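Novice: Quick one: this structure, given as structure tokens, is what I'll be asking you about.
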Amino acid sequence: MARGEHGLKGEELIQEGANFLVNTYTRYPILLVRGEGMKVWDSNGREYLDFVGGIAVCNLGHCHPKVVQALEEQARRLIHCSNLYHIGPQVELARRLCEHSFGKKVFFCNSGAEANEAAIKVARKYAKERYGEQKYEIITMEGSFHGRTMGALSATGQQKFHKGFEPLLPGFKYVPFNDLGAVKDAISPNTCAVMVEPIQGEGGVNLPSPGYLKELRELCDQKGILLIYDEVQVGMGRTGKLFAYQHYEAPPHIMTLAKSLANGVPIGAMVTTEEVAQALSPGSHASTFGGNPMATRVGCVVIDTLLKDDILQNCQQMGDYFLTGLLELKERYDFIKEVRGKGLIIGAELEFGGKEIVERCLERGFLINCTMDRVLRFLPPLIITRKEIDLLFAALEEVFSEK
Ligand SMILES: *Cc1c(COP(=O)(O)O)cnc(C)c1O
């Protein structure tokens, strides 16, 4: 029986957690202790195939050798030094992000929420300096998710996350996703930005309708409004291109990244244009750990590996295979209402809550996720193979047939 570092068994640590941790998560009753590629193991030595990937974080798979090596080397060299000084890996990661996107300037932080805070702040400052004090409103989408800090929470267009934390930050308006007319109607002389996930993740894997993002960009340009993409979940190869917006011929003015940017080492980034970046100057925004040598060194390795090792191509191919398989299941199981996705962010909307399906899959050794109560969500590492997808489908077939 595997023992944790405090000499406790997995089950005991799970019990202890209830005593010492703030109860902010509904957790499955397993304690994970090791990972490699598509696999993770619990404290009893039981193996699982991971179709959650830390919620779109471990895009290169668990403990990718190049990630581990970069972390080990950097940990021996320099773990932290502060942004009072220049940090080499930070510059190298910023250069890579700009070389492969619309971006010209990058601000680093530590999470998705924090990246969105930076986006909100830079958008407001840019617009106020150009157009006046009242130009601070941001239009965001119903069903969106932008994080849990007060600014990012206020941007999030889902009441269930707001409840109990009001008053929210003023200046946000929510409109339905995929409704250009609603954005037009919501625009006022005070609007400074529109913020949108190119594909909504937590909101249930909702894809943009054809032309929507392009028209949104055109509308923003006409009105002198900034377009912000939250690519925290769908960036870094998840959709089969490095950034999701690259499918839609509609670059933003600001893009936020986090989750898989360093494959599990905490990091966030706000990528923007030269012009927008000029709104921030020394002292106007900062983050102690932001662009830390460990995280940015790993970020460089993540981008290089994604672009070099045919991983994006694998993501597209396996994504198509996965989606086709789910569509076949949908033919046979009436309770699957809709299947949707791009690359390896894939959702299957059910007619009932998906909690029990997730539990039955866990019992069979498969980690899957469910969002918006009824949408089974699959976010596996992008290195996944057909064989692993087939194994999941065999398990899903068993679980579905019991329904
Ligand atoms: C996860 C997520 C966030 C929040 O990221 P944190 O690192 O948890 O703060 C923001 N936006 C999107 C689209 C996300 O999926």
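Nothing in this text is a laboratory measurement; each read-out follows from the coordinates by a stated rule. Keep in mind that what you see is a predicted model, and the values were worked out from it rather than measured. Neighbour counts run over all protein chains shown; Cβ positions are idealised from the backbone, glycine included.
Novice: Over all distinct alpha-carbon pairs, what is the Kirkwood Rh of the stretch 201-298 in angstrom?
Specialist: 15.0 Å is the Kirkwood radius here.
Novice: Build a GNM of the chain with springs between Cα atoms under 10 Å: which of ASN292, ASN206, ASN44 gets the top mean-square fluctuation?
Specialist: The residue that fluctuates most here is ASN44.
Novice: Kindly state, as a whole number, the per residue volume in cubic angstrom of the convex hull around the alpha carbon atoms of the stretch 121-212. It would help to have the intermediate numbers written out before the result.
Specialist: Values: hull volume 9.0 nm³, N = 92.
Convex hull volume per residue, Cα atoms: 97 Å³.
Novice: While we're on this one: Can you give the log10 of the normalised intensity I(q)/I(0) at q = 0.11, 0.17, 0.19 Å⁻¹, computed with Debye over equal Cα scatterers of the stretch 110-263?
Specialist: Rounded to two decimals, the profile gives -0.37, -0.94, -1.19.
Novice: Mind pulling the angle between the C-alpha long axis of helix 311-332 and the longest principal axis of the chain? Nearest 10 degrees, somewhere in 0 to 90.
Specialist: 60
Novice: Quick check: pseudo-label points 7 Å beyond the Cα along Cα→Cβ at GLU92 and LYS330, how many nm apart are they?
Specialist: Taking the simple label geometry, GLU92 and LYS330 are separated by 4.3 nm.
Novice: Given the stretch 293-343 reduced to its alpha-carbon atoms as identical point scatterers, what log10 I(q)/I(0) does the Debye formula return at q = 0.26 Å⁻¹?
Specialist: At q = 0.26 Å⁻¹ the computed log10 ratios are -0.91.
Novice: At 4 °C and 1.567 mPa s, what whole-number value in µm²/s does Stokes-Einstein give for the translational diffusion of the chain, with Rh from the Kirkwood sum over Cα pairs? Please report the intermediate quantities before stating the final value.
Specialist: Working: Rh = 22.0 Å.
After rounding, the answer is 59 µm²/s.
Novice: Take the stretch 302-403, compute every pairwise Cα distance, and split them into 10 Å bins from 0; I just need the percent in each bin.
Specialist: 15, 49, 27, 8, 1
Novice: Within a 10 angstrom radius of the beta carbon, how do SER82, SER43 rank from fewest other beta carbons to most?
Specialist: Exposure proxy ranking, most exposed first: SER82, SER43.
Novice: While we're on this one: Once you have all Cα-Cα distances for the stretch 97-155, histogram them in 10 Å bins from zero and send the whole-percent values.
Specialist: In order of increasing distance, the bins hold 21, 43, 35, 2 percent.
Novice: By counting other Cβ atoms within 10 Å of each Cβ, how are GLU388, GLU73, GLU197 ranked from fewest to most?
Specialist: Numbers: GLU388 20, GLU73 10, GLU197 26.
If I rank by nearby Cβ atoms, fewest first, I get GLU73, GLU388, GLU197.
Novice: Sum up the charges of everything whose Cβ sits under 15 Å from the Cβ of GLY343, counting Lys and Arg as +1 and Asp and Glu as -1, but leave GLY343 out.
Specialist: With Lys, Arg at +1 and Asp, Glu at -1, the neighbours total +2.
Novice: Mean residue ellipticity at 222 nm from the helices of the chain, using -39,500 (n - 2.57) per DSSP H segment of n ≥ 4 over the full residue count, to the nearest 500 deg cm²/dmol? Before the final figure, lay out the partial values.
Specialist: Working: 14 runs with 156 residues, N = 403.
One gets -12000 deg cm²/dmol as the mean residue ellipticity at 222 nm.
Novice: Debye calculation, C-alpha points only, no solvent: report log10 I(q)/I(0) for the stretch 1-134 at q = 0.12, 0.16 Å⁻¹, in the same order as the q values.
Specialist: The Cα Debye sum returns log10 ratios of -0.80, -1.14.
Novice: Give the residue list of chymotrypsin sites (Phe, Trp or Tyr not before Pro) in the stretch 139-189 that are DSSP loop and have at most 14 other beta-carbon atoms within 10 angstrom.
Specialist: For chymotrypsin sites (Phe, Trp or Tyr not before Pro) across the stretch 139-189 that sit outside H, G, I, E and B with at most 14 neighbouring Cβ atoms in 10 Å, the list reads PHE165.
Novice: If I histogram all Cα-Cα distances within the stretch 16-86 using bins 5 Å wide from 0, what percent of pairs lands in each bin?
Specialist: Final binned percentages: 3, 12, 16, 16, 16, 16, 13, 6, 2, 0.
Novice: What is the order of VAL22, VAL40, fewest Cβ neighbours within 10 Å to most? Intermediate results must be reported in sequence, preceding the final value.
Specialist: Numbers: VAL22 5, VAL40 23.
Ranking VAL22, VAL40 by Cβ neighbours within 10 Å, fewest first, gives VAL22, VAL40.
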